[in-house]
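Trainee: A single structure is presented below for examination.
The values are calculated or read from the model by the stated rules, or taken from the named source; none is laboratory data. Everything quoted here is computed from the prediction, not taken from an experiment. Using ideal geometry, Cβ is built from the backbone for each residue, glycine included, and neighbour counts are taken over all protein chains shown. Protein only, heavy atoms only, side chains kept; ligands, DNA and RNA dropped before computing areas. Shrake-Rupley method; radii C 1.70, N 1.55, O 1.52, S 1.80 Å.
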Amino acid sequence: MIQILIAEHLPLVRRGLLATLEAEPDLRVVAEVGCPEAAVRAALAYGPDVAVVDLDLPGLPVAVQLAELAPRCGVLMLSARPNPGQVRKALAGPALGFMSLCVGPERLAEGVRQVAEGGRAIEAELAVAALQCATNPLTRRELDVLRIAAGGARSTEIADQLFLSVGTVRNHLSRIMCKTGARNRIDAVRIASDSGWI
């Protein structure tokens, strides 16, 4: 019997996942929680084989905490709106699986079984999209500038935080937009975020 922890902040989605997984004869949900802290506590208390975790779960990154505190628990990430960047980030970390919340019940159950065995469980379309996603063309400093710009900071604020001149920040932003093909800095932030660069 594969024991499962569900970490999903939306109660309706959490109940749907519970019903889907409990319908399988070899799967048993031992805990269902709605926040990262409860997920870690439940993992330590119940020792599940697999944690099915919503990528959008607010708070601390659950997959990283579980890898540190409950290393025998495999992590399968779910996303309501998956993009190639999310897949690359999740799989570069401790997660063994990544699926869309739109996946069919049978495929989700199969993914849980694969993760329980220590294998990878990724939807084929998401894996292909992640592989086709362009590699990051931005330098470390350009990424620093873009991360701060993503928070809505103006060029002067970015310059103050990074100890750069305003002209240097503007040059970085110009190169970022050129490299990403963005129309403006908001578009550059979106492109970099969707691609998993920031």
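Trainee: Taking residue 112, is it open to solvent by less than 10 Å² (accessible area, probe 1.4 Å) and in contact (Cβ under 8 Å) with a residue 40 or more places away in the chain?
Mentor: So residue 112 fits the description; yes.
Trainee: Could I ask something else about it? Looking only at residues that are β-branched (Val, Ile, Thr) and either under 24 Å from the mean Cα position of the chain (by Cα) or open to solvent by less than 50 Å² (accessible area, probe 1.4 Å) (or both) in the range 131-167, which one is farthest from residue 92 (Cα to Cα)?
Mentor: Only one residue tops the list, namely 166.
Trainee: Moving to a separate point now. Identify, by number, the condition in (1) open to solvent by 60 Å² or more (accessible area, probe 1.4 Å); (2) modelled with pLDDT under 80; (3) in contact with a Gly (Cβ under 8 Å, 6 or more places away or on another chain) that residue 124 doesn't meet.
Mentor: With (1) open to solvent by 60 Å² or more (accessible area, probe 1.4 Å); (2) modelled with pLDDT under 80; (3) in contact with a Gly (Cβ under 8 Å, 6 or more places away or on another chain) applied to residue 124, the lone miss is (3).
Trainee: Still on this structure, I have one more. What number of residues within the range 173-198 are in contact (Cβ under 8 Å) with a residue 24 or more places away in the chain, of a type in the set (Gly, Ala, Ser) and outside any helix (DSSP H, G or I)? Quick ask: steps written out before the conclusion?
Mentor: Of the range 173-198, the ones in contact (Cβ under 8 Å) with a residue 24 or more places away in the chain are 173, 175-176, 179-180, 185, 188-189, 192-198.
Then keep just the ones that are of a type in the set (Gly, Ala, Ser); that gives 188, 192-193, 195-196.
Filter once more, keeping what is outside any helix (DSSP H, G or I): 195-196.
The qualifying residues number 2.
Trainee: A further question on this structure: Anything in the range 168-198 that is within 20 Å of residue 83 (Cβ to Cβ) and open to solvent by less than 50 Å² (accessible area, probe 1.4 Å)? List them, or say none.
Mentor: Those that are within 20 Å of residue 83 (Cβ to Cβ) and open to solvent by less than 50 Å² (accessible area, probe 1.4 Å): 176, 180, 182, 187, 188, 189, 191, 192, 195, 196, 197, 198.
Trainee: Follow-up question, since we're still on this one. Can you tell me which of (1) without any contact (Cβ under 8 Å) to a residue 40 or more places away in the chain; (2) open to solvent by 30 Å² or more (accessible area, probe 1.4 Å); (3) over 20 Å from residue 39 (Cα atoms) is the one residue 119 doesn't meet?
Mentor: (2)
Trainee: For the range 1-70, which helices (runs of 4 or more DSSP H) that fit wholly inside it have 1 or more residues that are at pLDDT 95 or above?
Mentor: Per the criteria, 11-22, 36-46.
Trainee: Further question: Within the set of pairs 6 or more residues apart or between chains, which connect a residue that is at pLDDT 75 or above inside the range 84-96 to a residue that is open to solvent by 50 Å² or more (accessible area, probe 1.4 Å) and among the hydrophobic types (A, V, I, L, M, F, W, C) with Cβ atoms less than 8 Å apart?
Mentor: 93/64; 94/64
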